[in-house]
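The numbers here are math on the coordinates, done by the rules we state, and not lab data. All values reported here derive from a predicted model rather than from experimental measurement. Neighbour counts run over all protein chains shown; Cβ positions are idealised from the backbone, glycine included.
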């Protein structure tokens, strides 16, 4: 999170309305930052067949400001597996007697839509190969894509600028709405 330095605001006989500052910061987070962060997440899954939904929560506390964007809906686990990675595990069919079917081998084999550096928009398909059937397979796991970190790194300067401007607007409002002794 960006660090923001505060200095004491003194005025002769006035008691600023600090609730106005908090209200302005919270409104800016709701109005601008949350929709922009949700849109950044949705751009990553724009060409996914099973897209998760995204929701956001804001936290305005003394320790800092935070927006938490999280996947939701029927396909949220796909985002969690791709962005967070998976460990090696065994894959078995859902019902007895139904083998797993895969396209296997061939020139180039599988080309994922994303890579471990968080870049995306690739083809995401098996190229060539033949169909094979197995009763279980050992999945090697996948490296985490860490989309959240990439989005946060890109959005950090925008968020810092927006919050500084919100603090300025809130302080001006607090001075105007302040009560005299």
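Assorted remarks:
- Here the residues 67, 44, ranked from fewest to most Cβ neighbours within 10 Å of their Cβ, fall in the order 67, 44.
- Sequence of 55, 145, 161 once ranked by neighbouring C-beta atoms within 10 Å, starting from the fewest: 161, 55, 145
- Semi-axes of the equivalent ellipsoid of the range 37-107 are 35, 15, 12 Å, computed as sqrt(5λ) over the eigenvalues of the C-alpha gyration tensor in descending order.
- Legend: ranking of residues 147, 59 from fewest to most surrounding C-beta atoms inside 10 Å; resulting order 59, 147.
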